[in-house]
Amino acid sequence: MSFIPRHAFPPIPSLPRSYFLGHHKSGLQKMKSLLSTIDLVIECRDYRIPLTSRNPLFEQALEGKPRLIVYTKRDLGPGSRRDEDVIRNWHHPTATLFVRNGKRVDGRRSVGTLLAVLREDATKRWKLVGQRIMIVGMPNVGKSTLVNALRGHGIRKGKVAATGAQPGVTRKVSGSGVKIIPSEDDMEGSGSVKQGVGGGVYLVDTPGVFIPYVPDTQAMMKLALCGSVKDTIIPPVMLADYLLFHLNLHSPALYADYAPPTNDVVELLCEIAKKTGRLGKGGAVDTEATALWMIQKWRNGDLGRFLLDRVHEGGLEEARREEEAVLPSFSQARRVERERRRERNRARGV
Ligand SMILES: Nc1nc2c(ncn2[C@@H]2O[C@H](COP(=O)(O)OP(=O)(O)OP(=O)(O)O)[C@@H](O)[C@H]2O)c(=O)[nH]1
């Protein structure tokens, strides 16, 4: 009998749909307060979830500033020119670039293009005091990795921003900025063929900011799979099941090294545990640990490279509908927060 993959994933009412932390809120406030000193905003999104990694809060908070959209983790996607053209069209006339900075890929060439765009932009808006670019995005999309790559490529200096596999490594806005293109003064007498620009170009790294409330459970799962949510928030077996749903939609051959085609995640986890020697005492399977191993394998690009969002021509409209779905919930979330605060104050007799 031929294998039939699930064609839909059921909504999970009990799934957590909020991950808006204190440092997200304060980071956003700090970004707003710094806005008058910023010349350009780079908004990073995860290439694997071009619709879901969009945070409407940035558009609200950073309105009025010239923007550039950078899709990170391109090496973890299928590398389809058609998808990239469609995505570029969604954002037109905002410039959109795709970069890859994986450990196993040389991100230099891809950040080289971005650096050239930033250099050209800074030359057009020449400033004696230097250009300041704020880099924003959802948690774990690769902002700090991009800062390091641009600095490495731009001024041949080492890593300055801490990076990590879990979200929330950057907690504060780096106020002073990281130099990525030298100033004209820096280059004077250096004999380098490369030109400095005005007072130089600086990047301001910021903490990842999550959406206050994610109404769609699948969107929450996608964000968690791509690492925007800490692995402790959503049960790993549930997340592995969602991954299995996507693997099957692409091809069960992606996990053929471990198991025959299946829609049963526990069955797959047991097979993985057996094949990878992860069985505990008496042949027991730690499904949670195996699920985390499977998720990590996909995150590293070793269990298929595909997008979780569908990229079709109507994509931006879909994104707008999502925004409408998110924003009322955001105001609802704020109302609930205000009420809770009032109640707390009442209880304290304030
Ligand atoms: N394969 C691949 N991995 C990447 C890429 N960019 C970043 N990463 C990895 O993604 C993880 C998160 O990167 P960070 O730069 O720490 O992400 P961030 O957006 O600064 O995260 P926050 O501190 O949560 O705001 C790290 O493990 C990086 O190595 C990329 O282009 N390709």
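The values are calculated or read from the model by the stated rules, or taken from the named source; none is laboratory data. Note that the structure is predicted; figures quoted are calculated from it, not measured. Glycine also receives a Cβ, built like all others from the backbone with ideal geometry; neighbour counts cover every protein chain displayed. Quick note on the areas: whole protein, heavy atoms, side chains included, nothing else; ligands and nucleic acids left out. Shrake-Rupley method; radii C 1.70, N 1.55, O 1.52, S 1.80 Å.
Brief remarks follow.
- Considering each residue of region 180-194 in turn, at least one proves to be under 22 Å from the mean Cα position of the chain (by Cα) and either among the aliphatic types (A, V, I, L, M) or surrounded by fewer than 23 Cβ atoms within 10 Å (Cβ to Cβ) (or both).
- Counted residues, region 272-296 - those being buried (at least 17 other Cβ atoms within 10 Å of the Cβ) and more than 24 Å from A8 (Cβ to Cβ): 5
- From the list V204, V160, V173, V147, the one residue that fits, being within 15 Å of the ligand (Cβ to nearest atom) and open to solvent by 40 Å² or more (accessible area, probe 1.4 Å), is V160.
- The set of residues in region 1-38 being among the aromatic types (F, W, Y) and surrounded by 12 or more Cβ atoms within 10 Å (Cβ to Cβ) consists of F9, Y19, F20.
- Scanning region 221-275 for residues that are of a type in the set (D, E), part of a loop (DSSP other than H, G, I, E, B) and touching a helix residue (DSSP H, G or I) at 6+ places or on another chain (Cβ under 8 Å) turns up D231, D257.
- Tally, over region 301-350, of residues that are loosely packed, with under 13 Cβ neighbours inside 10 Å and at pLDDT 65 or above: 21
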